[in-house]
Amino acid sequence: MSAGDRGTGASGKSIIITGASSGIGKATALAFLDAGWQVGLLARREETLAAIAGGHDNAHVLVADVTDDAALEAAFDRFIAHTGHLDVLFNNAGMSGPIKPFDEVSMDEWRHVVDVNLTGMFACARLAFRQMRHQQPQGGRIINNGSVSAQAPRENMVCYTATKHAITGLTKALSLDGRPFDIACGQIDLGNARTELLEDLIHRAQLANPEAPVPHTMELKHAAEAIVHMAALPLSANVQFMTLMATNMPLIGRG
């Protein structure tokens, strides 16, 4: 079986999902579990991951913080020791960071968001790339969660915006550097999927301005379905960039 053929069916396929304890990560993990994949659920909260994994023989709880290099590597090694290979990484873990005027953002706040949203995603991609490069058959797929903030900013969210723009560069570098090893990389930019993070943003916006309109949103299941589609493609095909958003959200023309 070639690496390209390995993308055509769910049977025996494996994926690690970071940030799997809530939001898009949780919804996506459940979708892959239902599709029969071997799913590595990676996040910091063991009890939450165990609850998601409950009743699924194909679920693997991987407790690690993406900013902890040793814990992260141990989690990847443990999953791959069980599955024997890694087909897909959904590189999803992230945080919104402070919502405040540019000059009020502290250097500690900036560094923390960069550590999670950029360095953490690099660390996960590096481990996945290393495995995919050296496994037999060679190859695999990395899907980065970019966010529509990789294209256009929200007000007073410089840390999130800057790191998500950087993820686009990471995606392009992985795509280019992965070509010789049959490693594909794509990015999904999601807008207003109804997660806990979005609920918090809406709540904070309404506290600041009770007259502000409630943003248009979409159901989480649509995001999960799109990621399953990207992951299930053969390695001869790749969704390089996908933007999936609530139809009436003001991405086009916002700024």
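The values are calculated or read from the model by the stated rules, or taken from the named source; none is laboratory data. Computed from a predicted structure; not experimentally measured. Heads up, the Cβs are rebuilt from the backbone with ideal geometry, glycines too, and the neighbour counts pull from every protein chain shown.
Here are a few things to note about the model shown:
- Within the stretch 58-70, the set of residues being part of a strand (DSSP E or B) and within 23 Å of residue 146 (Cβ to Cβ) comprises just one member, 62.
- Residues satisfying the stated conditions in the stretch 155-181, i.e. in contact (Cβ under 8 Å) with a residue 40 or more places away in the chain, assigned to a loop (DSSP other than H, G, I, E, B) and either of a type in the set (Gly, Ala, Ser) or surrounded by fewer than 20 Cβ atoms within 10 Å (Cβ to Cβ) (or both): 156
- Evaluation of residue 195 against (1) over 25 Å from residue 221 (Cβ atoms); (2) among the β-branched types (Val, Ile, Thr); (3) modelled with pLDDT under 95 (one fails), failing number: (1)
- Residue match in the stretch 109-126 (condition: of a type in the set (Phe, Trp, Tyr) and within 15 Å of the chain's Cα centre (by Cα)): yes
- Of the numbered criteria (1) part of a loop (DSSP other than H, G, I, E, B); (2) touching a helix residue (DSSP H, G or I) at 6+ places or on another chain (Cβ under 8 Å); (3) surrounded by fewer than 16 Cβ atoms within 10 Å (Cβ to Cβ), the one residue 55 fails is (2).
Quick grid of which residues meet (1) over 20 Å from the mean Cα position of the chain (by Cα); (2) aromatic (Phe, Trp, Tyr); (3) not in a strand (DSSP E or B):
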| position | (1), (2), (3) |
| --- | --- |
| 24 | no, no, yes |
| 42 | no, no, no |
| 50 | no, no, yes |
| 72 | no, no, yes |
| 81 | yes, no, yes |
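- Looking only at the stretch 65-102, and only at residues there that are farther than 30 Å from residue 205 by Cα and of a type in the set (D, E, K, R), the one that is surrounded by the fewest Cβ atoms within 10 Å (Cβ to Cβ): 77
The rows are residues; the columns are (1) charged (D, E, K, R); (2) modelled with pLDDT of 90 or more; (3) within 16 Å of residue 15 (Cβ to Cβ).
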position	(1), (2), (3)
176	no, yes, no
191	no, yes, no
219	yes, yes, no
230	no, yes, yes
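- Test for residue 129: is it within 21 Å of residue 45 (Cα to Cα), surrounded by 15 or more Cβ atoms within 10 Å (Cβ to Cβ), hydrophobic (A, V, I, L, M, F, W, C) and touching a helix residue (DSSP H, G or I) at 6+ places or on another chain (Cβ under 8 Å): no
- Failed item in (1) buried (at least 16 other Cβ atoms within 10 Å of the Cβ); (2) touching a helix residue (DSSP H, G or I) at 6+ places or on another chain (Cβ under 8 Å), with residue 225 passing the rest: (1)
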